[in-house]
Amino acid sequence: GNVAGIDLNCGCPQAIARKGRYGAFLMEDDPHLVGDVLSRLRQTLPHNVGVSAKIRLPIDETMLQDRIQRLVESGVDLITVHGRNLKENKTKVREANWDAIALATRIAREHSGNEDFPVVANGGIEYGSDVDKCLQHTGASAVMSSESLLENPALFATSGLYAQDDVDMTPEQLFHRQIDLAEEYLDLATIYPPVPGSLGKMGGSFNVVRSHVFKILYRYLEEHHDLRNKLADGATLCIPDVREILVELRGRYGQFTGSE
């Protein structure tokens, strides 16, 4: 069919992953099983369907070499390494360990005999300028982002206003970027609605839209609790309702929009 690849996420640190014994918890508990699953996938799937895995750093840092080598031996086509371990998170440990990602990259390439073996670095990407810094530091093939990308979907922009870091923008520029991104997201969500249930059994497609708008406009909704509450309210049921909230938010920042 149209499947380009299957990725096994062995990096999820959330409580639900502990309960289900998957994600980073499975990798910590039974890395042999993870290797077996990946090997079976690689042996079963056609060669034009990629197999990849994402991991966090092991709690016992001395196990990094064994873990990376085991993944390479399973036959995966690509490895993503998050620069924090299972006990660390962005709130408690601000910096991701790029040195460890660099080591993982070298191990993967040496063990595979492929100096270009694809390794993706994850963690510590707050602004667009961090991408090049991370690539230079780690030697990785690419960079991925999660939380920062939720707030700024244009994080990887390479030209124009969107390519500027937050700290280099005026408050007016930053507001316009975020509100414009929210409106663009609503346009896309109208054309390509999120899959119903994508937030679980009780999470319909509009809840996905609501949660993304929350992330994009978080800093402004925190200053206007009534609009934040209105967005969260059960009476806000569709994209046009959200657009009304955005119109009201623009009006409240009249000094940025040229209105009174």
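Data for the structure
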| read-out | value |
| --- | --- |
| The range 1-54 - residue that is touching a residue at least 24 places away in the same chain (Cβ under 8 Å) and assigned to a loop (DSSP other than H, G, I, E, B) and, of those, nearest to the chain's Cα centre (by Cα) | 11 |
| Strands (runs of 3 or more DSSP E) contained in the range 78-184 and holding at least 1 residues open to solvent by 30 Å² or more (accessible area, probe 1.4 Å) | 78-85, 142-144 |
| The one condition in (1) at pLDDT 95 or above; (2) closer than 18 Å to residue 6 by Cα that residue 47 fails to fulfil | (1) |
| Conditions (1) open to solvent by less than 80 Å² (accessible area, probe 1.4 Å); (2) modelled with pLDDT under 90; number of the one not met by residue 260 | (1) |
| Looking only at the range 207-243, and only at residues there that are assigned to a loop (DSSP other than H, G, I, E, B) and either open to solvent by 60 Å² or more (accessible area, probe 1.4 Å) or of a type in the set (A, V, I, L, M, F, W, C) (or both), the one that is farthest from residue 189 (Cα to Cα) | 223 |
| Checking residue 68 against (1) open to solvent by 50 Å² or more (accessible area, probe 1.4 Å); (2) part of a helix (DSSP H, G or I); (3) under 24 Å from residue 143 (Cβ atoms), the condition it does not meet | (1) |
| The range 185-203, subset small (Gly, Ala, Ser) and open to solvent by 30 Å² or more (accessible area, probe 1.4 Å), residue modelled with the highest pLDDT | 197 |
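The values are calculated or read from the model by the stated rules, or taken from the named source; none is laboratory data. Source: prediction; values computed, not measured. Virtual Cβ from ideal backbone geometry, glycine too; neighbours counted across all protein chains shown. Protein only, heavy atoms only, side chains kept; ligands, DNA and RNA dropped before computing areas. Shrake-Rupley method; radii C 1.70, N 1.55, O 1.52, S 1.80 Å.
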